[in-house]
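The values are calculated or read from the model by the stated rules, or taken from the named source; none is laboratory data. Because the structure is predicted, anything quoted here is derived from the model rather than measured. Every residue, glycine among them, receives a Cβ derived from its backbone with ideal geometry; neighbour counts consider all protein chains shown. Protein only, heavy atoms only, side chains kept; ligands, DNA and RNA dropped before computing areas. Shrake-Rupley method; radii C 1.70, N 1.55, O 1.52, S 1.80 Å.
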Amino acid sequence: MADIKAPMGGKVIKVSVNVGDSIAEDDEVAVLEAMKMEMPILSEEDGTVAEVKVSAGQTVEAEQVLVVLS
Amino acid sequence: MEALSLPSQVLRLLLRGQGPRSGQAMGESLGCSRAAVGKAVARLREQGFVIQARCNQGYTLLNEPPEVLPARVEARLEPGSLGLPLYHFDEIDSTNLAARRQAESGAPHGACLVAEHQSAGRGRLDRRWQAPKGSCLLFSIVLRPDLRLDQVFGLTNLAALAVCRAVEAMSPLQPLIKWPNDVFLAGRKLAGILTEFTSRAEKVEFVVVGVGLNVNLTPAQLDKLPAPAASLKAASGQTWDRAALLARILSEAGKLYGLAASGGWPELAGEYQARSLLAGKLVSVRDGEAERRGVAQGVDESGALLLEESPGRVSVIRHGDVSVLSYGDS
């Protein structure tokens with residue numbers, strides 16, 4: 001299991017994966033927005049999406065878990 | 001700063017004016033032959049520069065093309081500027097997209113792309129952005145900063161400060177920054193900044209800072225835009241030289257970046273506050289359905305807006321649309 005966390009506080013503007021998706025390193029799992037900047041969140045490893053913990057429109061804090069990989 | 005091309009160096013000498021300059025003298029000061037100077041002059045003429053040559057006197061620059069050509073910008077850059085290498089496009093999809101492509105194929109820190117026209121100009125969230133060809137200054141800078149992700153936002157502020165400084169240095173106009181990514185003049189939008197970046201393992205790989213600045217749009221052209229906007233020409237009554245303006249912005253950006261890189265963020269935050277459209281004003285921050293109101297303070301070291309919602313209670317704002325409430329009701 002690996003958690004993909006928000007590197008900083010912001011708003012989730014897009015969740016790019018669904019539970020059960022196979023993803024590879026550097027695949028985009030979500031896009032955050034803060035201060036009018038879009039920040040793609042990339043996976044650091046290959047895996048399968050076990051859980052999506054946020055949805056579009058939600059505000060997140062730094063270090064909050066966005067997606068769990070198995 | 002990378003070495004400038006010989007045509008740019010020759011142009012730099014010709015721009016100093018004070019009568020004709022001989023090929024011999026220019027060659028001596030640039031460390032090249034008189035023949036090499038002659039070739040550089042020929043290259044400049046091919047690009048549309050009008051350079052008069054007189055026997056036994058030398059070269060005089062009579063006219064420059066209006067485009068934001070690399071030689072025109074490079075010849076005006078101060079040491080320590082950002083903006084090298086500089087790439088000019090007559091038309092491109094968007095300078096930010098092109099800068100991303102260049103960065104992904106290895107463009108160095110400081111590289112700058114400028115276009116006369118964007119066929120797919122983008123604002124945030126892919127909002128389209130259009131301007132008549134040659135009327136605006138449209139450029140993107142590639143940065144490779146040693147920053148944490150949460151510090152990248154400071155670069156948007158840095159670009160906004162560079163635009164304000166440059167306009168102030170070249171005119172009596174005083175633009176102000178509307179957090180987080182716009183520059184305003186007399187209550188209307190003058191410039192927008194779109195910062196994008198790519199990161200790996202919480203480290204920033206590169207950042208692209210794109211700027212769209214309304215320079216020579218006429219009042220009639222401004223009226224056709226969907227939202228109220230300002231231009232330097234409409235505000236000053238004069239046509240601006242976009243190449244000189246870009247060179248000044250890149251020079252200021254270089255100084256500001258140097259300050260930031262040596263730990264000067266608090267100083268930058270102070271200047272930001274002094275140039276802030278919002279500081280001290282009662283503002284509304286809308287984020288979807290939610291709205292917060294308070295008195296805008298400055299920015300913190302990450303570039304986030306500090307909002308005093310009630311006396312002594314300050315929140316850190318990272319997203320939402322900010323508007324100034326004309327009539328205070330707090």
Identify, please: which residue in region B:142-177 is within 14 Å of chain A (Cβ to nearest Cβ) and among the β-branched types (Val, Ile, Thr) and is, among those, nearest to B:Val204 (Cα to Cα)? B:Val152
Could you grab me the full set of residues in region A:11-32 that are over 11 Å from A:Asp46 (Cα atoms), more than 10 Å from every other protein chain (Cβ to nearest Cβ), open to solvent by less than 50 Å² (accessible area, probe 1.4 Å) and assigned to a strand (DSSP E or B)? A:Val12, A:Val15, A:Val29, A:Ala30, A:Val31
Collect the residues in region B:252-307 that are hydrophobic (A, V, I, L, M, F, W, C) and touching a helix residue (DSSP H, G or I) at 6+ places or on another chain (Cβ under 9 Å), keeping them in residue-number order. B:Ala253, B:Leu256, B:Leu259, B:Ala260, B:Trp265, B:Leu268, B:Ala269, B:Ala279, B:Val299, B:Ala304
If I ask for residues that are modelled with pLDDT under 90 and not in a strand (DSSP E or B), which ones from region B:141-175 would you list? B:Asp146, B:Leu147, B:Leu149, B:Asp150, B:Gln151, B:Val152, B:Phe153, B:Gly154
Long-range neighbours under 9 Å by Cβ, at least six apart or interchain, first residue at the interface with another protein chain (Cβ under 9 Å from one of its Cβ atoms) within region B:198-210, second of a type in the set (Asp, Glu) and open to solvent by 20 Å² or more (accessible area, probe 1.4 Å): B:Thr198/B:Glu104; B:Thr198/B:Glu205; B:Ser199/B:Glu205; B:Arg200/A:Asp26; B:Arg200/A:Glu44; B:Ala201/A:Glu44; B:Glu202/A:Glu44
Of all residues in region A:43-52, how many are surrounded by 17 or more Cβ atoms within 10 Å (Cβ to Cβ) and not hydroxyl-bearing (Ser, Thr, Tyr)? 3
Here are some conditions: (1) among the aliphatic types (A, V, I, L, M); (2) in a loop (DSSP other than H, G, I, E, B); (3) open to solvent by 20 Å² or more (accessible area, probe 1.4 Å). B:Ala107 meets all but one. Which one does it not meet? (3)
For region B:211-226, which residues satisfy the criterion of being under 23 Å from B:Glu67 (Cβ atoms) and either touching a residue at least 40 places away in the same chain (Cβ under 8 Å) or of a type in the set (Asp, Glu) (or both)? B:Val211, B:Gly212, B:Leu213, B:Asn214, B:Val215, B:Asn216, B:Leu217, B:Gln221
Mind telling me which of the residues B:Ala75, B:Ala99 ends up being buried (at least 21 other Cβ atoms within 10 Å of the Cβ) and over 15 Å from B:Val207 (Cβ atoms)? B:Ala75
